[in-house]
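The values are calculated or read from the model by the stated rules, or taken from the named source; none is laboratory data. The structure displayed is predicted, hence computed values, not measured ones. As a convention, Cβ positions derive from the backbone with ideal geometry for all residues, glycine included, and neighbour counts pool all protein chains shown.
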Amino acid sequence: MATKKPIVALIEDDPLIAEMYTAKFTKEGYDIKHAGDGFEGLEMVKKQKPDIILLDIIMPKMDGFQVLQELRKDASFKDTPVIMLTNLGQEEDVKKGRELGATDYFIKTNFTPAAIVDKVKGILKG
């Protein structure tokens, strides 16, 4: 019997970054679902019930902080790990992400997609 691939939801508005992460996670055996804005991302997460969510902050329609707030209000997602994956490195942004319930917070420019895959593996093994 085949084991179910972990589902990773990627909510990211930059198509190049999304493509890069999608390729890396797929290669590593994950089922990756992508949404291009916060609103679409929230809808997708509710349908897909991912094992982990990678969430950008600066996006059209609904930013990552708003998405995170909505997710944490929903009992079915209160324990789903959410990683903020952004270029906002200011201390107050990191603090806000953590206060809203982010599991972790990574600055895109400081990590390669491979490093993010390793972080996700670690969180999912828990």
Check: Residues in the stretch 106-115 that are over 20 Å from Tyr30 (Cα atoms) and modelled with pLDDT of 95 or more: how many?
Finding: 0
Checklist line | Matching residues, the stretch 59-81, being surrounded by fewer than 20 Cβ atoms within 10 Å (Cβ to Cβ), out of contact with any Ser or Thr (no Cβ under 7 Å at 6 or more places or on another chain) and in a loop (DSSP other than H, G, I, E, B) | finding: Pro60, Lys61, Met62, Asp63, Asp74, Lys78, Asp79, Thr80
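Every residue in the stretch 1-12 that is crowded, with 19+ Cβ neighbours inside 10 Å and either more than 12 Å from the chain's Cα centre (by Cα) or part of a strand (DSSP E or B) (or both), please.
Answer for the stretch 1-12, where residues must be crowded, with 19+ Cβ neighbours inside 10 Å and either more than 12 Å from the chain's Cα centre (by Cα) or part of a strand (DSSP E or B) (or both): Val8, Ala9, Leu10, Ile11.
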Next item on the list: For the stretch 51-72, name all the residues that are within 19 Å of Phe106 (Cα to Cα) and in contact (Cβ under 8 Å) with a residue 40 or more places away in the chain.
Entry: Asp51, Ile52, Ile53, Leu54, Leu55, Asp56, Ile57, Ile58, Met59, Gly64, Val67
Item checked: Inter-residue pairs, beta-carbon under 9 Å, first hydroxyl-bearing (Ser, Thr, Tyr) and in the stretch 4-28, second part of a helix (DSSP H, G or I), 6+ apart -> Tyr21/Pro113; Tyr21/Ile116; Tyr21/Val117
Note to self: Every residue in the stretch 39-53 that is under 20 Å from Phe65 (Cβ atoms) and not in a helix (DSSP H, G or I), please.
What the structure shows: Pro50, Ile52, Ile53
Margin query: Suppose the filter is at negative phi, among the small types (Gly, Ala, Ser), buried (at least 18 other Cβ atoms within 10 Å of the Cβ) and in a loop (DSSP other than H, G, I, E, B); does Ala18 pass it?
Written below: no
Margin query: Suppose we keep only residues that are within 15 Å of the chain's Cα centre (by Cα) and assigned to a helix (DSSP H, G or I) within the stretch 95-113. Which one would you say is surrounded by the fewest Cβ atoms within 10 Å (Cβ to Cβ)?
Written below: Arg98
Check: Residues in the stretch 30-38: is at least one assigned to a helix (DSSP H, G or I) and not basic (Lys, Arg)?
Finding: yes
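When you go through Tyr30, Tyr21 one by one, which is the residue that is under 20 Å from Val120 (Cα atoms) and touching a Leu at 6+ places or on another chain (Cβ under 6 Å)? If you could, list the steps in order and put the result at the bottom.
On the way: Tyr30 fails: touching a Leu at 6+ places or on another chain (Cβ under 6 Å).
Selected residue: Tyr21, the only one of Tyr30, Tyr21 that is under 20 Å from Val120 (Cα atoms) and touching a Leu at 6+ places or on another chain (Cβ under 6 Å).
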Checklist line | Odd one out for Glu91 among (1) over 14 Å from the mean Cα position of the chain (by Cα); (2) over 23 Å from Gln69 (Cβ atoms); (3) not basic (Lys, Arg) | finding: (2)
Margin query: It is to be established whether one or more residues within the stretch 37-49 are touching a helix residue (DSSP H, G or I) at 6+ places or on another chain (Cβ under 8 Å), buried (at least 17 other Cβ atoms within 10 Å of the Cβ), farther than 20 Å from Gly126 by Cα and among the small types (Gly, Ala, Ser).
Written below: yes
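Among Lys4, Lys61, Lys47, which is basic (Lys, Arg) and at pLDDT 95 or above?
Lys47
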